[in-house]
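*Asks:* Got a structure here, written out as structure tokens. Questions coming.
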Amino acid sequence: MRRMLLAVCMLLLGLPGLSCGETLHGMVRQVYDGDTLLLVARPQGQLKVRLYGIDAPETAKRDRPGQTYSSVAKRVLMYKLLGKAVTVEVRDQDQYGRVVGVVRLTGMDINAAMVAEGLAWAYRHHLEGDYASEYLRLEDRARRRRMGLWQQTNPQPPWEFRRSGQGGRRR
């Protein structure tokens, strides 16, 4: 079963030498928004990484408005990671060719931290196993404490914002 899962992950990733469950080591060179960054890793080079299991508010685009708290989420992720050495536990590759993974800084799960601080939703559509229960628990706690985006009365999840046509296509 494990071999089959590994084979499926390798097919999904389509990146030579990169497999599901592999750990990448690299430096964060850019933060695009509250859940996407540019990692420079050896020997892979530059990789766009989407944080697994979370969805941060959509940032403004040239022709589209952003969501409330998008700039805060981006700034916090920049503060946490820009220029720092991190590890990425590869979980998948998305339809835009980004590596999807759990980002860790000195062992701390940054994906979980963004949810715990109220700067991202637990991305229910793409969560499995222990991460699902942990991220959902952290989101519930941030919501109860009215942290970050949960200070709003009824914040619109990014996946609904994108579906409504306001957020456009996900990069």
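*Asks:* Please go through segment 70-91 and pick out each residue that is surrounded by fewer than 22 Cβ atoms within 10 Å (Cβ to Cβ) and among the hydroxyl-bearing types (Ser, Thr, Tyr).
*Replies:* Ser71, Tyr79, Thr87
*Asks:* Quick check on segment 139-147. Is at least one of its residues in contact (Cβ under 8 Å) with a residue 40 or more places away in the chain and surrounded by 14 or more Cβ atoms within 10 Å (Cβ to Cβ)?
*Replies:* No, because not a single residue in segment 139-147 is in contact (Cβ under 8 Å) with a residue 40 or more places away in the chain and surrounded by 14 or more Cβ atoms within 10 Å (Cβ to Cβ).
*Asks:* Continuing with the same structure: Taking segment 115-154, which residues are of a type in the set (A, V, I, L, M) and touching a helix residue (DSSP H, G or I) at 6+ places or on another chain (Cβ under 7 Å)?
*Replies:* Val115, Ala116, Leu119, Ala120, Ala122, Leu127, Leu138, Ala142
*Asks:* Just to check your reading of the model, which residue among Leu149, Leu136 is modelled with pLDDT of 95 or more, assigned to a helix (DSSP H, G or I), among the aliphatic types (A, V, I, L, M) and in contact with a Phe, Trp or Tyr (Cβ under 6 Å, 6 or more places away or on another chain)?
*Replies:* Leu149
*Asks:* Next question. When you scan segment 75-106, how many residues do you find that are assigned to a loop (DSSP other than H, G, I, E, B) and over 20 Å from Glu128 (Cα atoms)?
*Replies:* 6
*Asks:* A follow-up question, please. I'd like the residue in segment 54-74 that is among the polar types (S, T, N, Q) and touching a strand residue (DSSP E or B) at 6+ places or on another chain (Cβ under 7 Å) and, out of all such residues, is nearest to Asp130 (Cα to Cα).
*Replies:* The residue in question is Ser70.
*Asks:* I'd like to know if segment 106-120 contains one or more residues that are in contact with a Gly (Cβ under 7 Å, 6 or more places away or on another chain), within 30 Å of Gln44 (Cβ to Cβ) and open to solvent by 20 Å² or more (accessible area, probe 1.4 Å).
*Replies:* Yes, segment 106-120 contains a residue that is in contact with a Gly (Cβ under 7 Å, 6 or more places away or on another chain), within 30 Å of Gln44 (Cβ to Cβ) and open to solvent by 20 Å² or more (accessible area, probe 1.4 Å).
*Asks:* Let me ask another. Can you tell me which residue in segment 77-122 is farthest from Val28 (Cα to Cα), limited to those that are of a type in the set (Ser, Thr, Tyr) and modelled with pLDDT of 95 or more?
*Replies:* This residue is Thr106.
The values are calculated or read from the model by the stated rules, or taken from the named source; none is laboratory data. Note that this is a predicted model, so its numbers are computed, not measured. Counting neighbours? That spans all protein chains shown, and the Cβs are built from the backbone with ideal geometry, glycine included. When the accessible area is computed, the model is the full protein with side chains, heavy atoms only, and any ligands, DNA or RNA have been set aside. Shrake-Rupley method; radii C 1.70, N 1.55, O 1.52, S 1.80 Å.
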